[in-house]
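The next block holds one structure in the form of structure tokens; read it before the comments.
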Amino acid sequence: MNTTTQIATQDNSQVPSLLKLGLDVDLQQITVTVQHDHQHPKPARSFTVARLVQWVQDQVRAGHTVWTVYESCGFGYTLHYQLAGAGAHSRVISPVRLNPQRRRKNDRLDSRQLCLRLSRYLDGQRDELPVIRVPSLAEQQRRELGRQRKFWHKQVRQLENHGRALRLEHELKTLPAGWAGPRKWKRLLPELSDFLRTHLEPLRAQIASAKTQLERLGRQIESLVTEERLPKGLGRLTLSLLDGEVCDWHRFKHRKAPGSYTGCCPSEHTSGTNVRQGSIDRHGNKHVRVLLVEAVWRLLRYQPLWHARTKFIKRMTTANALKKKTVVALARQLAVDLWRWRTGRCSLAQLGLLVPA
């Protein structure tokens with residue numbers, strides 16, 4: 001009988017208790033520290049994903065209440081779904097520096113610190129764990145549509161820039177924007193050497209393939225917006241991408257929450273009477289932040305009665321640095337306005353956003 005089976009057998013024979021698991025997740029293994037109720041945490045052990053899920057199932061069947069916590073990482077939320085399916089109360093947190101005083105760092109120390117933080121969290125100290133909202137599988141797949149579109153858009157730009165770099169290196173000339181299009185390519189052909197044609201033709205084929213994928217994703221994303229008419233400057237693509245990133249506008253309980261989610265709030269370092277505010281903290285969703293800033297520039301042009309525009313319009317006539325700061329502030333306000341609209345708290349007309357007839 002291996003160590004895991006012995007521990008599971010001992011736990012099953014005990015009175016049902018509260019098990020707190022701190023998980024340090026790696027691709028090959030998961031380092032786990034377990035604490036029973038308020039006892040001293042046990043030494044860390046290594047599990048595979050399958051063994052850990054089975055162990056959690058055994059503890060739940062034995063009547064124990066299992067809580068787990070791990071830091072979000074590049075492995076997605078598959079482990080969270082599996083642990084929740086096994087009966088555990090799973091929590092995923094944003095990455096934090098677990099012990100600022102300790103210079104040493106390894107998987108065992110990290111899992112222990114997560115376990116101790118989880119224990120204090122369950123005792124009522126909610127600031128111990130910066131818990132994030134885990135999207136459902138459907139929400140995660142919808143959000144991935146927008147991120148895949150961004151990936152293919154980046155691929156197109158990289159391929160086009162690679163073609164420009166080739167011509168700069170070998171002919172000391174550049175290529176115009178959209179050089180891979182059929183019309184511009186036809187005009188460029190007589191100017192190009194055979195060497196460049198040989199290398200640019202495969203690039204054109206890849207660019208065309210990437211643009212086809214980009215257009216398909218764009219149509220799919222736009223079809224998810226059900227509104228028949230939208231304000232000029234806030235198109236279906238932008239709104240659908242924002243909906244996909246936010247997942248659920250009803251998750252925010254008050255107006256400060258969507259503003260904070262954008263990461264557009266000013267950082268602050270205050271002590272006593274000394275108040276110092278700096279650049280935005282960028283603690284929110286970067287994809288939402290980019291979409292909102294782009295939308296603000298369009299609304300400033302096409303929505304003269306937008307209530308936030310009328311409030312800040314005088315600042316848009318000053319220096320460029322203040323203009324950019326104002327646009328960031330308007331992006332935060334736009335997130336709040338969209339939250340009010342999407343949750344039914346107000347209409348577009350009340351926000352001053354006019355819909356074309």
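The values are calculated or read from the model by the stated rules, or taken from the named source; none is laboratory data. Keep in mind the model is a prediction, meaning the values are calculated, not measured. Glycine also receives a Cβ, built like all others from the backbone with ideal geometry; neighbour counts cover every protein chain displayed.
Taking the residues in region 89-135 that are touching a residue at least 40 places away in the same chain (Cβ under 8 Å), assigned to a loop (DSSP other than H, G, I, E, B) and surrounded by 13 or more Cβ atoms within 10 Å (Cβ to Cβ) as candidates, determine which candidate is farthest from the chain's Cα centre (by Cα).
Across region 89-135, the extreme among qualifying residues is Leu129.
Going through region 136-176 one residue at a time, which ones are in contact with a helix residue (DSSP H, G or I) (Cβ under 8 Å, 6 or more places away or on another chain), among the charged types (D, E, K, R) and either closer than 30 Å to Arg197 by Cβ or not in a helix (DSSP H, G or I) (or both)?
Glu160, Arg167, Glu171, Lys173
Being among the hydrophobic types (A, V, I, L, M, F, W, C) and buried (at least 19 other Cβ atoms within 10 Å of the Cβ) is the filter; apply it to region 224-252 and report the residue that is farthest from Val134 (Cα to Cα).
Leu234
Of the residues that sit in region 98-127 and are touching a helix residue (DSSP H, G or I) at 6+ places or on another chain (Cβ under 8 Å) and at pLDDT below 95, which one is nearest to His287 (Cα to Cα)?
Leu98
Please work out which one of (1) surrounded by 12 or more Cβ atoms within 10 Å (Cβ to Cβ); (2) part of a helix (DSSP H, G or I) is the condition Arg282 fails and give its number.
The number of the failed condition is (2).
For region 330-354, which residues satisfy the criterion of being more than 22 Å from the chain's Cα centre (by Cα) and either among the basic types (Lys, Arg) or part of a loop (DSSP other than H, G, I, E, B) (or both)?
Of everything in region 330-354, those that are more than 22 Å from the chain's Cα centre (by Cα) and either among the basic types (Lys, Arg) or part of a loop (DSSP other than H, G, I, E, B) (or both) turn out to be Gly344, Arg345, Cys346, Ser347, Gly352, Leu353, Leu354.
On the given criteria, is Trp179 outside any helix (DSSP H, G or I), crowded, with 16+ Cβ neighbours inside 10 Å, out of contact with any Pro (no Cβ under 7 Å at 6 or more places or on another chain) and aromatic (Phe, Trp, Tyr)? Steps first, please.
Details: outside any helix (DSSP H, G or I): yes; crowded, with 16+ Cβ neighbours inside 10 Å: yes; out of contact with any Pro (no Cβ under 7 Å at 6 or more places or on another chain): yes; aromatic (Phe, Trp, Tyr): yes.
Against the criterion (outside any helix (DSSP H, G or I), crowded, with 16+ Cβ neighbours inside 10 Å, out of contact with any Pro (no Cβ under 7 Å at 6 or more places or on another chain) and aromatic (Phe, Trp, Tyr)), Trp179 qualifies.
Looking at region 302-345, which of its residues are surrounded by 15 or more Cβ atoms within 10 Å (Cβ to Cβ), of a type in the set (S, T, N, Q) and more than 19 Å from Phe252 (Cβ to Cβ)?
Gln303, Thr326
Looking only at region 49-76, which residues are at pLDDT below 95, among the aromatic types (Phe, Trp, Tyr) and more than 13 Å from Ile30 (Cα to Cα)?
Matches in region 49-76: none.
Is it fair to say Trp55 is buried (at least 16 other Cβ atoms within 10 Å of the Cβ), over 25 Å from Ala138 (Cβ atoms), touching a His at 6+ places or on another chain (Cβ under 7 Å) and not charged (D, E, K, R)?
Against the criterion (buried (at least 16 other Cβ atoms within 10 Å of the Cβ), over 25 Å from Ala138 (Cβ atoms), touching a His at 6+ places or on another chain (Cβ under 7 Å) and not charged (D, E, K, R)), Trp55 does not qualify.
Matching residues to (1) touching an Asp or Glu at 6+ places or on another chain (Cβ under 6 Å); (2) modelled with pLDDT of 95 or more; (3) in the same structural domain as Gly146 (by TED's automatic domain parsing); (4) part of a strand (DSSP E or B):
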{"site": "Thr270", "(1), (2), (3), (4)": "no, no, no, yes"}
{"site": "Gly278", "(1), (2), (3), (4)": "no, no, no, yes"}
{"site": "Arg289", "(1), (2), (3), (4)": "no, yes, no, no"}
{"site": "Val296", "(1), (2), (3), (4)": "no, yes, no, no"}
{"site": "Pro304", "(1), (2), (3), (4)": "no, no, no, no"}
{"site": "Arg315", "(1), (2), (3), (4)": "no, no, no, no"}
{"site": "Leu322", "(1), (2), (3), (4)": "no, no, no, no"}
{"site": "Pro356", "(1), (2), (3), (4)": "no, no, no, no"}
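Take Leu145 and tell me if it is touching a Gly at 6+ places or on another chain (Cβ under 7 Å) and under 30 Å from Pro41 (Cα atoms).
It is false that Leu145 is touching a Gly at 6+ places or on another chain (Cβ under 7 Å) and under 30 Å from Pro41 (Cα atoms).
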